[in-house]
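Colleague: Let me give you the structure first, and then I'll get to my questions.
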Amino acid sequence: MNAPDHKQLEKQRLEANKLEKRLCRLAGQAIADFNMIESGDRVMVCLSGGKDSYGLLDVLLKLRARAPVDFEIVAVNLDQKHPGYPAHVLPEYLKSLGIPFRIVEQDTYSVVKRLIPEGKTMCSLCSRLRRGVLYRLAGELGATRIALGHHRDDILETFFLNLFFGGKLKAMPPKLGSDDGRHVVIRPLAYVKESDLARYAEVRAFPIIPCDLCGSQDHLQRKQVKQLLRLWEKEFPGRVETVFNSLQRVVPSHLLDRQLFDFPAVAAGGGATAEGDKVFDIEDFYSTATFPLRDAVELK
């Protein structure tokens with residue numbers, strides 16, 4: 001091997017190492033910030049065969065090896081009987097890791113195809129059916145946490161979907177109670193960028209299983225929002241990060257939700273309050289760069 005090849009390989013190795021450290025640091029930070037995992041927890045990691053869930057399992061295994069708290073990991077996969085689904089891939093991969101796992105076969109694919117008209121979005125029903133199976137599995141396995149592979153971009157896309165199409169300020173929480181109230185759902189990759197997970201999947205050569213059901217629908221509003229965020233980030237680097245940070249700095253008194261803040265109780269008290277405002281001041285949002293909302297970027 002000549003010198004240039006050796007240097008290139010060494011550079012790739014260093015970059016891969018930095019990427020792994022960044023993913024572990026961000027996941028560890030999210031776990032700590034939201035108290036996602038405690039000593040004695042049994043974490044059920046939900047695997048779909050996509051890059052995100054592979055990355056989640058890989059990072060959690062690395063964190064468990066160095067974490068100050070002791071917790072268990074069990075991997076689960078729901079084989080939804082999609083036509084052509086390579087059922088052997090995940091079992092072989094999980095056996096190679098030497099960790100406990102459960103593969104459950106349930107034909108939700110036929111149910112979704114039967115109930116959802118051609119051309120309509122399948123995600124909602126598919127998600128509900130899958131969720132019910134995973135809750136049942138968590139009970140059978142004695143899992144205290146259900147870990148999902150949603151990342152920072154998923155959270156942002158959900159926020160804008162609710163804003164544009166749902167008429168509400170709502171995103172995807174890093175930790176929440178399950179629908180049936182019996183489990184705690186966590187998203188340890190809440191601070192991780194999708195692009196980093198995509199690169200990590202290449203580095204680790206995960207055996208990716210493509211989704212040929214809802215993930216293949218080109219007209220989904222989520223895909224349109226994803227494209228919008230990419231365009232914003234390309235033209236205004238750092239803006240997506242700013243939006244994400246805003247989800248962690250909510251000021252209820254400066255919104256209009258009467259359930260969230262007690263507006264009738266606001267009265268002049270002769271002193272400054274934390275909810276007060278410099279009423280006539282205009283905040284300097286453009287001190288570093290302008291950010292026009294252009295008609296060229298639109299959701300069709």
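Colleague: Give just the number: which of (1) surrounded by fewer than 11 Cβ atoms within 10 Å (Cβ to Cβ); (2) free of Cβ contacts under 8 Å to residues at least 24 places away in the same chain does R25 not satisfy?
Modeller: (1)
Colleague: Quick one: is V59 in contact with a strand residue (DSSP E or B) (Cβ under 9 Å, 6 or more places away or on another chain), buried (at least 21 other Cβ atoms within 10 Å of the Cβ) and at pLDDT 95 or above? Give the steps one after another, and end with the answer.
Modeller: Values: in contact with a strand residue (DSSP E or B) (Cβ under 9 Å, 6 or more places away or on another chain): no; buried (at least 21 other Cβ atoms within 10 Å of the Cβ): yes; at pLDDT 95 or above: yes.
No.
Colleague: In segment 110-129, is there at least one residue being modelled with pLDDT of 75 or more, at negative phi and either part of a helix (DSSP H, G or I) or not charged (D, E, K, R) (or both)? I'd like the intermediate steps shown before the answer.
Modeller: Looking only at segment 110-129, we keep the residues that are modelled with pLDDT of 75 or more, and these are none.
Looking for residues that are modelled with pLDDT of 75 or more, at negative phi and either part of a helix (DSSP H, G or I) or not charged (D, E, K, R) (or both), one finds none in segment 110-129, hence no.
Colleague: Can you tell me which residue is surrounded by the fewest Cβ atoms within 10 Å (Cβ to Cβ) among those in segment 62-89 that are within 15 Å of P188 (Cβ to Cβ) and among the basic types (K, R)?
Modeller: Ranking the candidates gives R66 first.
Colleague: List the residue pairs whose Cβ atoms are under 8 Å apart, where the first residue sits in segment 215-236 and is farther than 20 Å from G50 by Cα and surrounded by 14 or more Cβ atoms within 10 Å (Cβ to Cβ), the second is at pLDDT 90 or above and among the β-branched types (V, I, T), and the two are 6 or more positions apart or on different chains.
Modeller: Qualifying pairs under 8 Å: L229/V240; W232/V240; E233/V240.
So that you can scan it fast, the table gives a plain yes or no per residue for (1) over 26 Å from P174 (Cβ atoms); (2) modelled with pLDDT of 90 or more; (3) out of contact with any Gly (no Cβ under 8 Å at 6 or more places or on another chain); (4) of a type in the set (D, E, K, R):
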{"site": "Q224", "(1), (2), (3), (4)": "no, no, yes, no"}
{"site": "Q227", "(1), (2), (3), (4)": "no, yes, yes, no"}
{"site": "E233", "(1), (2), (3), (4)": "no, yes, yes, yes"}
{"site": "E241", "(1), (2), (3), (4)": "no, yes, yes, yes"}
{"site": "F244", "(1), (2), (3), (4)": "no, yes, yes, no"}
{"site": "L247", "(1), (2), (3), (4)": "no, yes, yes, no"}
{"site": "F261", "(1), (2), (3), (4)": "no, yes, yes, no"}
{"site": "G269", "(1), (2), (3), (4)": "yes, no, yes, no"}
{"site": "A272", "(1), (2), (3), (4)": "yes, no, yes, no"}
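Colleague: Same structure, new question: Within segment 158-174, does at least one residue satisfy the condition of being of a type in the set (G, A, S), within 25 Å of D58 (Cα to Cα) and over 10 Å from the mean Cα position of the chain (by Cα)?
Modeller: Narrowing segment 158-174 to residues of a type in the set (G, A, S): 166-167, 171.
Adding the requirement that they be within 25 Å of D58 (Cα to Cα) leaves none.
Looking for residues that are of a type in the set (G, A, S), within 25 Å of D58 (Cα to Cα) and over 10 Å from the mean Cα position of the chain (by Cα), one finds none in segment 158-174, hence no.
Colleague: Please enumerate the residues belonging to segment 30-68 that are assigned to a loop (DSSP other than H, G, I, E, B) and not hydrophobic (A, V, I, L, M, F, W, C). Steps first, answer last, please.
Modeller: Looking only at segment 30-68, we keep the residues that are assigned to a loop (DSSP other than H, G, I, E, B), and these are 34-41, 48-50, 67-68.
Matches in segment 30-68: N35, E38, S39, G40, D41, S48, G49, G50, P68.
Colleague: What number of residues within segment 97-109 satisfy the criterion of being surrounded by fewer than 20 Cβ atoms within 10 Å (Cβ to Cβ) and over 25 Å from G28 (Cα atoms)?
Modeller: Residues that pass the stated criteria total 7.
Colleague: Here is a list of conditions, (1) more than 18 Å from K175 (Cβ to Cβ); (2) part of a helix (DSSP H, G or I); (3) at pLDDT 90 or above, and K7 meets all of them except one; can you say which number that is?
Modeller: For K7, the failing item is (3).
Colleague: Could you name every one of the helices (runs of 4 or more DSSP H) located completely within segment 156-257 that has at least 3 residues being of a type in the set (D, E, K, R)? Steps first, answer last, please.
Modeller: Values: elements: 194-204, 221-235, 239-246.
Helices (runs of 4 or more DSSP H) meeting the threshold: 194-204, 221-235.
The values are calculated or read from the model by the stated rules, or taken from the named source; none is laboratory data. Note that the structure is predicted; figures quoted are calculated from it, not measured. We place every Cβ from the backbone using ideal geometry, glycine too, and count neighbours over all the protein chains shown.
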